[in-house]
Number of protein chains: 2
Amino acid sequence: MNTKNIRIKDIAQLAGVSVGTVDRVLHNRGRVSEDALKKVLSVLDQIDYKPNLIARTLGANKTYRIAALVPNPDQDPYWASSKSGISQAEAEWLRYGVTVQPFFFNLYDKNTFTEVARRVTDSEPDGILVAPIFYHETLPFFEEFRERGIPYVLFNTNIHEGQPLSFIGQDLYQSGRLGAELMHLSQNGQAGILAVLHVNEDLGNSVHLAEKEKGFREYFDDKNPNAFEIRTLNLTSPNNPAFEKELLELIGNNKVRGLFISTSKATAIIAAFLEKHRRTDLKLIGYDMLEENIFYMKKGVIDFLINQNPKRQAFLGINHLVGQLILHKNPPANELLPLEIISRENLASYLSSGIH
Amino acid sequence: MNTKNIRIKDIAQLAGVSVGTVDRVLHNRGRVSEDALKKVLSVLDQIDYKPNLIARTLGANKTYRIAALVPNPDQDPYWASSKSGISQAEAEWLRYGVTVQPFFFNLYDKNTFTEVARRVTDSEPDGILVAPIFYHETLPFFEEFRERGIPYVLFNTNIHEGQPLSFIGQDLYQSGRLGAELMHLSQNGQAGILAVLHVNEDLGNSVHLAEKEKGFREYFDDKNPNAFEIRTLNLTSPNNPAFEKELLELIGNNKVRGLFISTSKATAIIAAFLEKHRRTDLKLIGYDMLEENIFYMKKGVIDFLINQNPKRQAFLGINHLVGQLILHKNPPANELLPLEIISRENLASYLSSGIH
DNA sequence: AGCTATGATGTGTGCGCACACAATTTTACT
DNA sequence: AGTAAAATTGTGTGCGCACACATCATAGCT
């Protein structure tokens, strides 16, 4: 029934030494005679010893501290969602002695990132989860993490030179293409102008949004090179008067048929704007099931949402770190989550199902 | 060290009894005075006791046998997918001493179900996962399971009178509505005839497909009562000459614009048929990411697939049983999975991501 | 030789739980 | 009241590992 697993005790017996000696060999903490070492190694060589992880964690009773280096959840509901995934993972692992300490940086201020990342390093955690939204600022820290031997996992934004234990996110280029497909489908075969909107983003330092736009554009290049004109609008913060002006100018053009919004928060902002100006005829495709976005989808302002699953991304990130720390299990180097399409008719089914 | 987890020992101390008594209460194996019971329960009521799974499985060294009563995977790739979810769950729990024994019945023969279900009961498993696709035949077995105190979980098809530990599936009415929404969207604003196709199904004994159809029809009733005519075709097996004849008659009508297929296997069959007759202009919406369906989607024959996630359904079913057996954790009575939309542009993202 | 550093090796304990069994109290009955 | 039986309650043990500590052997020194 149960394949009798080889225990340390068995190895000791086979080698003719005590469990203590085997233990010292296994963890190579020295203090073993050459003679004994040889005997134990030869046994280990012949059999495939797999330590019982259950027993190991029970006995160890060690606590692991994981640091989560993420944007301030109060600044953006997307990151609030992310945060809740972290909390959920922590709750799940708490009884195994895992704690997660969040370190928040300002989403709009690179300097706070550097400062907070410094604090993370100083806190000497056993593992780190990072949302590396500032490309240049993160690189030196990754190097430091590696030097210190602290495993780190990235999510949301990938940094290929980062060499993390694992990355969790989505294929952003394909995400843009998907947005384009949905937009195309919503156009009822008519041609016109489509706009890609970025709100309050420093496109220079955040490559990921450019990827989405590229996907969006290339879809139409592939399908229908001439029927649609794609415009990009790089909007400032909605507080800025230029924001409303530029937007009004855009939707004033009666050839404009649809808007593709590159982030979740911006989706809500644009939805509110369109409703205010009674332009729900324009097709609106954006990101994520934020409360506001759900509201506007139900109202018919938003046509499709692409779910980036921020909660799940963070959840999996913590899980992978815990798996590495406790079970010594290597997570996949790249975990790309499915690009989920949310429409009016399947919205409820997503809302009612949890994170699993 | 910071978060002191509550142990049985702690509960005993708080209640003023011994750990043995607490243990008896937790596993309600009686032999506890009313007085002691009350004390322990009141403590348990106040604190949230989460047993240490690690310690439990280490000590118990017990094995659990779960029986899976499911259709023969060789008869239908949908059920093969289901089976793979079962295997995956088993692999995950094997080291905790859980084994899953599959019992296959013939998808098209009620009698084999009864016979195999008999064998399941006789094998006296610790838990049972059932795909109850034959309504009338299953009911007496559920009663027997309950009498014997064996927990059982349903998936794919719900039987409300079944009183299972848990049901895992989807909202089929909403699934039909979603199919309708996608179909509507694909019609580019033009009117016409849309058909709902069932292939080789005994609709009398399988309520679930009628639910999908109802959803499909009601969507159009809500949206656009007059623009579309919805027809239903209840086809026999493709081997039957009537199959091709009826289908040819349908697509011969030049007002027919799209087909909605109620099952995954039928989706592949109809896709093959449409390709053969070069009618890929018709919009085709069906179910699930079977290999063939993926093939026809990439070719442009199938426009959308609604993912019922058979693998995940079975996976979760086993998980819930294990959770109940090992953790004594009650799963949700109804777990309705999201209705996932698969299109050409997000197909790859679903294929590359595993079951999680 | 007697003694101590020093290295090598073996033994013991706890982690939290489940379960067997021993100890104790209560009940039933003569 | 005395005793046996039954009901209740408490204690002990093992699961496999890691680590602390005790024991043992040997060499080096006075």
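The numbers here are math on the coordinates, done by the rules we state, and not lab data. No experiment lies behind these values; they were computed from the predicted model shown. Neighbour counts run over all protein chains shown; Cβ positions are idealised from the backbone, glycine included.
In table form, for the structure just shown:
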{"read-out": "Built amide H within the under 5 Å cut-off of A:Q308, gap 5+", "value": "A:D288, A:M289"}
{"read-out": "Copy-to-copy label separations for A:G252, where each label sits 7 Å from Cα toward Cβ, in nm and ascending", "value": "5.8"}
{"read-out": "A:N226-B:N334 pseudo-label distance in nm [points 7 Å out on the Cα-to-Cβ vector]", "value": "5.3"}
{"read-out": "10 Å Cβ neighbours from other chains, averaged over peptide A:189-196", "value": "1"}
{"read-out": "Two-site label geometry, A:R148 and A:H136: point separation in nm, points 7 Å out along Cα→Cβ", "value": "2.4"}
{"read-out": "Virtual spin-label span in nm between A:E124 and A:E218, 7 Å along Cα→Cβ", "value": "4.6"}
{"read-out": "Other-copy label distances relative to A:G20, 7 angstrom Cα-Cβ extension, nm", "value": "3.5"}
{"read-out": "Global geometry of the protein assembly as shown, whether rounded, prolate or oblate, following the gyration tensor of its Cα atoms and the 1.5 cut on a/c", "value": "oblate"}
{"read-out": "FRET efficiency, B:Q13 to B:K298 (Cβ-Cβ, R0 45 Å, nearest 0.05)", "value": "0.10"}
{"read-out": "Rounded if a/c under 1.5, otherwise prolate or oblate - region B:172-307, Cα gyration tensor axes", "value": "rounded"}
{"read-out": "Taking B:K62, A:K9 and counting other C-beta atoms within 10 Å, the order from fewest to most", "value": "A:K9, B:K62"}
{"read-out": "Net charge of neighbours whose Cβ lies under 13 Å from the Cβ of A:D126, counting Lys and Arg as +1 and Asp and Glu as -1", "value": "+2"}
{"read-out": "Per-residue Cβ neighbour rank within 10 angstrom, fewest leading, A:F167, B:F104, A:F103", "value": "B:F104, A:F103, A:F167"}
{"read-out": "Sequence-distant residues sharing a close amide H with A:V256 (under 5 Å, placed H)", "value": "A:I193"}
{"read-out": "Net charge of neighbours whose Cβ lies under 10 Å from the Cβ of A:N346, counting Lys and Arg as +1 and Asp and Glu as -1", "value": "-3"}
{"read-out": "Three-way shape call for region A:8-51 based on the alpha-carbon gyration tensor, with the a/c threshold at 1.5", "value": "rounded"}
{"read-out": "Computed lengthening from A:Q163 to A:E115, 0.36 nm per intervening residue step minus Cα-Cα distance", "value": "15.1 nm"}
{"read-out": "Other-chain or far-sequence residues with amide H under 5 Å of A:V196's (modelled H)", "value": "A:R231, A:T232, A:L233, A:F260"}
{"read-out": "Local net charge near B:A271, Cβ-Cβ under 13 Å (Lys/Arg +1, Asp/Glu -1)", "value": "+2"}
{"read-out": "In order through region A:185-190: 3J(HN,Hα) via Karplus (6.51 cos²θ - 1.76 cosθ + 1.60), integer Hz, x for Gly, Pro", "value": "4, 6, 8, 6, x, 8"}
{"read-out": "Segments B:320-333, A:260-273, A:136-149 sorted - mean Cβ within 10 Å per residue, highest first", "value": "A:260-273, B:320-333, A:136-149"}
{"read-out": "For B:50-58, mean number of other protein chain Cβ atoms within 10 Å", "value": "4"}
{"read-out": "Average other protein chain Cβ within 10 Å of Cβ, residues B:333-341", "value": "6"}
{"read-out": "Förster-model FRET efficiency, 51 Å R0, A:L203 and B:K276, C-beta, rounded to 0.05", "value": "0.55"}
{"read-out": "Between region B:163-226 and region A:124-164, the Cα center-to-center distance that results, in Å", "value": "47"}
{"read-out": "Per-residue ³J(HN,Hα) for region A:295-309, Karplus 6.51 cos²θ - 1.76 cosθ + 1.60, θ = phi - 60°, Hz, x for Gly and Pro", "value": "4, 6, 5, 4, 6, x, 7, 8, 8, 9, 10, 9, 8, 8, 6"}
{"read-out": "Inter-copy separations for A:G192, label at 7 Å along Cα-Cβ, nm, ascending", "value": "2.2"}
{"read-out": "³J(HN,Hα) computed for each position of region B:266-283 - Karplus, 6.51 cos²θ - 1.76 cosθ + 1.60, integer Hz, glycine/proline x", "value": "4, 4, 5, 4, 5, 4, 4, 4, 5, 5, 4, 9, 6, 10, 6, 6, 5, 6"}
{"read-out": "Neighbour-count order for B:S175, A:S87, fewest beta carbons within 10 angstrom listed first", "value": "A:S87, B:S175"}
